[in-house]
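Asks: Shown below is the structure under consideration.
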Amino acid sequence: MILRWCLAFVLLLSSFAYAQALPAGEYAKHFRVLEELSVAVANAMPADQYGFKPHPESMDFGQLMSHLATTNHQFCASLKDVDPPSMPKGVSKNEVVKFLGDSFEYCSAVIPKLTEDDLSKIHNSPDGKLPDREVLLAMCIHVAHHRGHTEIYLRDKGIKPPQYRI
């Protein structure tokens, strides 16, 4: 039993060290946590409340979650100098949650492949021309910013948001 725990610890430690050794490893590690929490927040809102908005000028909950997914695709497509995937036509909770999860998966396939040279290259992004390192930072800030908004939507509906973690 102790041998199993030691082996598990060594494997965990080596995977952490490997992720950190990648040029964009710190972004990849934190991006996975952003994904888990963002999808949990999207799942926490009942389907019949996806049209809720706390103010007439605000996006509704579904639009806000779709906005996160769309800009994730845009940020990561800019890192590859390609057009982002098209936005799905559906707006149901299931379609929005899938679109959001797919956007994180799309980015999770791009980020770990970035080299040190890539991180210094300038690309067009939703926030303008930036080095890839700053594109990644802007994307993480964008996700956290809007996910914070969605947690207010949940609280307005009496729903406790999923526990924050980093």
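Read-outs throughout are calculated quantities, based only on the coordinates presented, and are distinct from any laboratory measurement. All values derive from a computational prediction rather than experimental measurement. Note that we place each Cβ from the backbone using ideal geometry, even for glycine, and neighbour counts take in every protein chain shown.
Asks: Assign unit charges at the C-beta atoms only (+1 for Lys and Arg, -1 for Asp and Glu), then state the dipole size of the range 49-100 relative to its Cα centre in Debye, rounded to the nearest 20. Don't jump to the answer; show the numbers that get you there.
Replies: On the way: 5 positive and 5 negative charges, 36 e Å.
Computed about the Cα centre, the dipole is about 180 debye.
Asks: Next up: What is the set of long-range amide H partners of H123 at a cut-off below 5 Å, with H atoms built 1.01 Å from backbone N?
Replies: The list, which skips near neighbours in sequence, is L130, D132.
Asks: Could you compute the longest span of the chain free of trypsin sites (Lys or Arg not before Pro) located in DSSP loops and having at most 10 other Cβ atoms within 10 Å, not counting the site residues? Walk me through the numbers before you get to the answer.
Replies: Values: sites that count: K89, R165.
Result for the longest clean stretch: 1-88.
Asks: How high is the relative contact order of the range 23-156, in percent, with contacts defined as C-alpha pairs under 8 Å that are six or more residues apart?
Replies: Working: 153 pairs, mean separation 47.0, N = 134.
Computed over the range 23-156, the figure is 35 percent.
Asks: Could you work out how far the C-alpha centroid of the range 142-166 sits from that of the range 47-113, in angstrom?
Replies: 16
Asks: Right, next: For the range 147-154, what does the Karplus curve 6.51 cos²θ - 1.76 cosθ + 1.60, with θ = phi - 60°, yield as ³J(HN,Hα) per residue in whole Hz, taken in order and with x for Gly and Pro?
Replies: 5, x, 4, 5, 5, 5, 4, 4
Asks: Name the residue, out of S108, S86, S120, whose mean-square fluctuation peaks in a Gaussian network model built on the chain with Cα pairs under 10 Å.
Replies: In the Gaussian network model the winner is S86.
Asks: Please work out how much length the chain gains when fully extended from M87 to R165, using 0.36 nm per residue of separation minus the C-alpha to C-alpha distance, in nm with one decimal. Walk me through the intermediate numbers first.
Replies: Numbers: separation 78, 0.36 × 78 = 28.08 nm, distance 2.85 nm.
Computed gain between M87 and R165 is 25.2 nm.
Asks: Let me ask you something else. If you put +1 on each Lys and Arg Cβ and -1 on each Asp and Glu Cβ, how big is the dipole of the chain around its Cα centre, in Debye rounded to 20? The partial results should precede the final answer.
Replies: Numbers: 17 positive and 19 negative charges, 102 e Å.
Its charge dipole is roughly 500 debye.
Asks: Which residue, A47, A138, A28, tops the fluctuation ranking in a GNM of the chain built on C-alpha contacts under 10 Å?
Replies: A47
Asks: Once you list every other residue whose beta carbon is under 13 Å from the beta carbon of V33, what net charge do they have if Lys and Arg are +1 and Asp and Glu are -1? If you can, show how the numbers build up before the last one.
Replies: Working: positive: K29, R32, R147, R165; negative: E26, E35, E36.
That sum, taken over residues with Cβ under 13 Å, equals +1.
Asks: Select one label from [x] 17.6, 59; [y] 16.1, 63; [z] 15.0, 48: the one whose number is Rg and Dmax of the Cα atoms in Å as derived from the coordinates shown.
Replies: [x]
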